[in-house]
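Peer 1: Here it is, the structure in full.
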Amino acid sequence: MSMKFKAFSIGPTNLKPDSIPYIVGGPCAIESLNQYTHISSELKNCGVSALRAGIFKLRTKPNSFQGLGKEAYPYVKIVREKFNLPIFSEVTDPRQVEELSVFVDCFQVGARNMYNYELLKELGKTQKPVLLKRAFSATIDEWVHAAGYIEAEGNNKVILCERGIRTFETKTRNTFDINAISYLKRNTHYPVFADPSHGTGDSQLVSDISLASVAAGADGLLIEVHHNPVKALSDGFQAITPSEFKILQKKIYKLHALLKDEF
Ligand code: PEP
Ligand code: MN
C-alpha cells in the first residue's frame with residue numbers, strides 16, 4: 001500500500017494522489033518559437049498535463065548546444081498563454097529563481113544539481129512546486145535528504161523524479177531504477193515521477209519503461225517529445241514523436257485504470 005501525498009496545484013492543474021498519471025511532455029530543449037509552438041500544440045491536442053521547457057541545458061560537453069537561455073523566455077510566455085498549460089523548467093543557478101518564477105509553474109532541479117544545496121534552499125523559499133531529479137549516483141537516502149533541504153525552508157511541494165542511475169551497464173544511457181519508485185511510494189510521502197527518456201537514452205525503450213513506472217506506482221511521467229528527433233539539437237535519440245506519444249498516453253491511462261485499486 002502506498003503512502004498518500006498531500007495534493008497541490010501546479011499552475012492551473014492539480015497533482016493528486018490516486019488520480020490519472022500526470023504527464024509532462026515536450027522537447028529536451030526549446031530550439032525556436034516555431035519548434036516549441038509546433039510540439040506544444042500537438043501535445044495540447046493529446047491532452048498532456050504540462051509542458052517541458054528546456055531553457056538552460058546542463059550538457060556534459062561544453063561545445064554541445066546549451067539551450068537558448070534568456071532568449072527563450074518570451075517563447076515560453078507565448079506558449080504558456082496560448083495553450084494554458086503549466087510549464088516545467090530546469091533552474092541551474094539560484095540567481096535564475098526570481099526571473100523564472102514569472103512564467104514557470106514547476107521548477108526542475110536536474111540530476112547534476114541534486115547536491116546543490118544553495119539552489120535547493122533558494123527553491124525552498126518559494127511556494128512553487130519543485131521536481132527534484134535523482135543524481136547519477138545518489139542513493140535513495142541522499143535524494144530524500146536533498147528534498148529535505150527544500151522542505152526545511154517551508155516549501156512542501158516536492159516531487160521526486162527517477163531518471164536513471166549510473167551502473168556498469170553501457171547498452172543504455174542510464175539504468176532506470178524501477179525499485180526506487182516502488183520503494184519511495186511505499187515508504188515516503190512524496191509524489192514520484194519517472195523520466196524514461198533520460199532513464200533509458202533510447203526512444204525505442206521509452207514506452208515500455210513508462211508503463212513499467214506506472215505499474216510500479218509512479219504518479220507522473222516526464223517525457224521528451226520532438227516532431228523531428230533526427231534534427232533535434234539535443235537528446236534526439238531518446239525523443240519520441242507526437243504520434244508515438246499519443247499511443248503511449250492511451251496505454252498509460254488504460255494500465256492505470258486496470259491497476260489503480262492495487263496502489
Ligand atoms: C532534462 O530533463 O532535460 C535533463 C537534463 O535531465 P537530467 O537532469 O535528468 O539529466
Ligand atoms: Mn534531455
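Since every read-out is calculated from the coordinates, none of them should be taken as a lab result. In this text, all values refer to a predicted model and were calculated from it rather than measured experimentally. So basically every Cβ, Gly included, is an ideal-geometry build from the backbone, and we count neighbours across all protein chains shown.
Peer 1: Restricting to DSSP loop positions (anything but H, G, I, E, B) with no more than 10 other Cβ atoms inside 10 Å of their own Cβ, which chymotrypsin sites (Phe, Trp or Tyr not before Pro) remain in the stretch 163-203? Write out the running numbers ahead of the final one.
Peer 2: Values: sites: F168, F176, Y183, F193; in loops: F168, F176.
Counting only loop positions with at most 10 other Cβ atoms within 10 Å, the chymotrypsin sites (Phe, Trp or Tyr not before Pro) in the stretch 163-203 are F168.
Peer 1: Still on this structure: Whose amide H sits under 5 Å from the amide H of E90, counting only residues 5 or more places off or on another chain, with H placed in the peptide plane?
Peer 2: The list, which skips near neighbours in sequence, is A53, I55, F56, Q108.
Peer 1: Cross-link candidates for K171: which aspartates and glutamates have Cα within less than 20 Å, leaving aside residues fewer than 8 places away along the same chain?
Peer 2: Straight-distance partners of K171: E162, D195, D202, D208, E224, D235.
Peer 1: Name the shape class, rounded, prolate or oblate, that the alpha-carbon gyration tensor gives for the chain, where a ≥ b ≥ c are the square roots of its eigenvalues, rounded holds for a/c under 1.5, and otherwise prolate holds if a/b is larger than b/c and oblate otherwise. All intermediate terms of the calculation are to be shown ahead of the outcome.
Peer 2: Details: a/c = 1.24, a/b = 1.08, b/c = 1.15.
The shape class here is rounded.
Peer 1: While we're on this one: Please build a GNM for the chain, connecting alpha carbons under 10 Å apart, and tell me which residue among A29, A138, A239 fluctuates the most.
Peer 2: Largest GNM mean-square fluctuation: A138.
Peer 1: Continuing with this model, one more query. I need to check one value: relative contact order of the chain, counting alpha carbon pairs closer than 8 Å and at least 6 residues apart, in percent. It would help to have the intermediate numbers written out before the result.
Peer 2: Numbers: 546 pairs, mean separation 51.7, N = 263.
Once normalised by length, the contact order is 20 percent.
Peer 1: In whole Hz, with x marking every Gly and Pro, tabulate ³J(HN,Hα) for the stretch 187-198 from phi via Karplus 6.51 cos²θ - 1.76 cosθ + 1.60, θ = phi - 60°.
Peer 2: Per-residue couplings from phi come out as 10, 9, 9, 8, x, 10, 10, 10, 10, x, 6, 6 Hz.
Peer 1: Which one of V206, M3, I181 is farthest out on the positive end of the charge dipole of the chain, using unit charges on Cβ (Lys, Arg +1; Asp, Glu -1) and the Cα centre as origin?
Peer 2: V206
Peer 1: Here is a follow-up. Kindly work out what percent of the DSSP beta bridges joining two residues of the chain are antiparallel, to the nearest 5. Write down the numbers at each step before the final one.
Peer 2: Working: 4 of 29 bridges.
That works out to approximately 15 percent antiparallel.
Peer 1: List the residues whose amide H sits under 5 Å from the amide H of I10, counting only those 5 or more places along or on another chain, with H placed 1.01 Å from N in the peptide plane.
Peer 2: L15
Peer 1: Where in the stretch 145-208 are there GluC sites (Glu not before Pro) that are in a DSSP coil and have at most 11 other Cβ atoms within 10 angstrom of their Cβ? Kindly include the intermediate steps, with their values, before the conclusion.
Peer 2: Working: sites: E151, E153, E162, E169; in loops: E153, E169.
Within the stretch 145-208, the qualifying GluC sites (Glu not before Pro) (loop, at most 11 other Cβ atoms within 10 Å) are E169.
Peer 1: Calculate one ³J(HN,Hα) per residue across the stretch 217-234 by plugging θ = phi - 60° into the Karplus curve 6.51 cos²θ - 1.76 cosθ + 1.60, and present them in order as whole Hz with x for glycine and proline.
Peer 2: x, 4, 8, x, 9, 10, 10, 7, 10, 9, 6, 9, x, 5, 9, 4, 7, 8
Peer 1: Now for a separate question. Pop out the ³J(HN,Hα) list for the stretch 71-83 in order, Karplus 6.51 cos²θ - 1.76 cosθ + 1.60 with θ = phi - 60°, rounded to Hz; leave Gly and Pro as x.
Peer 2: 4, 7, 3, x, 5, 5, 4, 4, 5, 4, 6, 4, 9
Peer 1: Hey, another quick one. What lysines does K254 reach when the alpha-carbon gap must be under 25 Å and sequence neighbours fewer than 8 apart in one chain are set aside?
Peer 2: Cα-Cα hits under 25 Å: K4, K6, K16, K44, K185, K246.
Peer 1: Counting other Cβ atoms within 10 Å, which trypsin sites (Lys or Arg not before Pro) in the stretch 170-221 have at most 16 and lie in a DSSP loop? Please report the intermediate quantities before stating the final value.
Peer 2: On the way: sites: K171, R173, K185, R186; in loops: K171, R173.
Passing both the DSSP loop test and the Cβ count: K171.
Peer 1: Quote the relative contact order of the stretch 165-259 in percent (integer), defining contacts as alpha-carbon pairs under 8 Å separated by 6+ residues.
Peer 2: Values: 136 pairs, mean separation 23.5, N = 95.
Once normalised by length, the contact order is 25 percent.
Peer 1: Once amide H atoms are built 1.01 Å from N in the peptide plane, which residues 5 or more positions from I23, or in another chain, come under 5 Å H to H?
Peer 2: Hits under the 5 Å cutoff: S49, A50, L221.
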